[in-house]
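What follows is one structure encoded as structure tokens, with my remarks underneath.
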Amino acid sequence: SLTPQTVARFRGVFGDQVAVLHSALSDGERYDAWRALREGTRRVAIGPRSAVFAPVPRLGAIVVDEEHDTSYKQGETPRYHAVEVARARAAYAGATVVLGSATPALESWAEVERGAVRLVALPERIASRPLPPVEVVDLRTAPLVAGSGGVPWSEALDAAVAGALERGEQAMVLLNRRGFSTFVQCPSCGEVWTCPACSITLTFHRVPPVLRCHHCDHREPPPASCRQCASATQRFRGVGTQQVEEFLSRRFPRARIARMDVDTTGAKWSHHRILDAVGRGEVDLLVGTQMIAKGLDFPGVTVVGVVDADVALNLPDFRAGERTFDLLTQVAGRAGRGPLGGRVIIQTRQARHPAVTHAARHDVHGFAQAELAERREPPYPPHVALANLVVSGLGEQAVADAAVKLGEWLRALAEARPEAGATVLGPAPCPIERIRRRWRWHVLLKARDAARLTRLVRYVSARAPVPAGVRLVVDRDPVSLL
């Protein structure tokens, strides 16, 4: 979603020297850009993580914008991280790497403290504009707007958005959860509709009406009655961006509303159309997921609201707090970028959580120091190097047995090689136990020395005892443990 604005700015400076590489291009468009870069007729490549492999013959600099973003890690084989590839390629070419972010990854903060990376701070906004004030609304006690249904919509957020619209300004509303409702439940017996291939609930999408799995894309029609007790009434629980959009269209009928999430940006150039409409002032209220949180520059946006800051705060992942802080801080930065100023409303049920309190103060350094201290004991990255070994297969018991045997083998290996300093955690079922019909268990390897862990992981990848029908995936430096 950042590519259109980035391309426009670079072409404004470098003109025809800019080539764009991304998956929305046709094969012919991508080949033309690739050839122009290789021949040197275009000298600036812009794109997502795969652009780090662009055939630039005389490489001088690699800039990784929003370097903290987890999308820089490839989720399938080969599981490369674009930041690490950028560093390796720059070292090979004698080039400079610039990692840009308003909320740097904690690994980057640790490297700054060690002196391995030089910090270049931008303490002020352009034209010395102040950061917007942030108000935290505790949903446990705050009065909600009557008739909001399942949408947690406080009177404070309502007044802020209404005021912006009355003044002819723009507002943005973030909810990092797509769909209409997060799950369907029978009110009589409590039955919840889950994906037949994954260990997650099916999300209800109203347009078109369908239950969808956001992992394997399984789809089925919404039930007319309960499959367990035949009750005719079903309840849709939880809130997604579709429901927020529908509520806001009723609440502010004169407002021009756009929604930006995976469901509205699947078509080619759909990102461009939505963002261009916001930039031209044709959209009063932009609703979206994390797509709208990072890097976008719209001077007319004076109010930013976060519907529910707790969506990812309690996930079983040691990075949950960091990801939430990043998202809140980034979306808060979308307000007040023009001369009109701005304000931010964050709704949460955990108003005293460090990720929320530090984000409300725009205190990036304070959060980094607190989180780095939190991860010292028990040790987690960046204080240790980490590898996640995921065992998966179609048979539940076969996967469990294979994971137990792998854990025993790894502990014996760690004892036989004490110089590696490795610690074995697990095995245990993955938080999402089943994806695409494959049952999943994982084992974590930790070590203080990254190079020694690398050697150990290579040995494990080649010799780990994994039976037929069971797959072992070794994810070095994982960005998620789900």
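The values are calculated or read from the model by the stated rules, or taken from the named source; none is laboratory data. Keep in mind the model is a prediction, meaning the values are calculated, not measured. Here the Cβ is made from the backbone with ideal geometry for all residues, glycine too, and neighbour counts use every protein chain on show. The area values use the complete protein model at the heavy-atom level, side chains included, leaving out ligands, DNA and RNA. Shrake-Rupley method; radii C 1.70, N 1.55, O 1.52, S 1.80 Å.
Contact order for the chain, expressed relative to its length and based on alpha carbon pairs under 8 Å spaced 6+ residues apart, stands at 14 percent. Of the solvent-accessible surface of the chain, computed with a 1.4 Å probe and all protein chains present, 52% belongs to carbon and sulfur. Percent of Cα pairs in the stretch 17-91 per distance bin of 10 Å, from zero to the largest separation: 19, 51, 30, 1.
Solvent-accessible surface of protein heavy atoms, probed at 1.4 angstrom with all chains present, puts S188, S249, S270 in the order S188, S249, S270, largest first.
Assign one of three labels to the stretch 391-482, namely rounded, prolate or oblate, based on the Cα gyration tensor with a ≥ b ≥ c the square roots of its eigenvalues; rounded applies when a/c is under 1.5, prolate when it is not and a/b is larger than b/c, and oblate otherwise. Verdict is prolate for the stretch 391-482.
Simple spin-label estimate for R219 and R471 gives 2.4 nm between the two label positions (7 Å along the Cα-to-Cβ direction from each Cα). Can you tell me the FRET efficiency between E113 and R227 if r is taken as the Cβ-Cβ distance and R0 is 56 Å, rounded to the nearest 0.05? Between E113 and R227 the formula returns 0.50.
Taking one quarter of the surface of the C-alpha convex hull of the chain gives a mean projected area of 25.4 nm².
Full extension of the chain between D32 and V13 yields a length gain of 4.7 nm, computed as 0.36 nm times the residue separation minus the alpha carbon distance. Remark: the R458-A93 segment gains 128.8 nm on full extension, using 0.36 nm per residue and subtracting the alpha carbon distance.
If R0 equals 60 Å, the separation of the Cβ atoms of L25 and E419 corresponds to a calculated FRET efficiency of about 0.80. For the stretch 296-336, no residue has its backbone nitrogen under 11 Å from a point 7 Å from the Cα of A159, taken along Cα to Cβ. No disulfide-compatible partner, judged by a Cβ distance under 4.7 Å, exists for the following cysteines of the chain: C216, C430.
Projected onto their three principal axes, the Cα atoms of the stretch 269-319 cover extents of 41, 25, 15 Å, largest first.
With a Förster radius of 45 Å applied to the C-beta separation of E377 and R43, the computed FRET efficiency comes to 0.40.
Over the stretch 314-355, the pair-distance histogram of Cα-Cα distances with 10 Å bins from zero comes to 25, 47, 21, 7, 0 percent, rounded to whole numbers. Projecting the Cα atoms of V304, V473, F252 onto the dipole axis of the chain, where Lys and Arg carry +1 and Asp and Glu carry -1 at the beta carbon, places V473 farthest toward the positive end.
Placing dummy labels 7 Å off each Cα toward the beta-carbon, the span from A412 to W269 is 6.2 nm. When the helices of the chain are scored as -39500 (n - 2.57) per DSSP H run of n ≥ 4 and the total is divided over every residue, the value at 222 nm lands at -9500 deg cm²/dmol.
Note on the stretch 42-192: Cα Rg divided by 2.2 N^0.38 Å, N the number of residues, gives 1.53. Only lysine pairs 8 or more places apart or on separate chains count here, and in the chain those with Cα atoms under 28 Å apart total 5.
Here the chain is scanned for GluC sites (Glu not before Pro) in DSSP loops (not H, G, I, E, B) that have at most 15 other Cβ atoms within 10 Å, and the longest stretch holding none of them is 283-482. Residues in the chain average 49 Å² of solvent-accessible surface per residue, probe 1.4 Å, ligands and nucleic acids excluded.
Phi angles of the stretch 160-176 translate, via the Karplus equation with coefficients 6.51, -1.76, 1.60 and θ = phi - 60°, into HN-Hα couplings of 5, 5, 4, x, 4, 5, 5, 7, x, 9, 10, 9, 10, 10, 9, 9, 7 Hz per residue; Gly and Pro are given as x.
Gain on full extension, evaluated as 0.36 nm per residue between I126 and R448 minus their Cα-Cα distance, stands at 111.9 nm.
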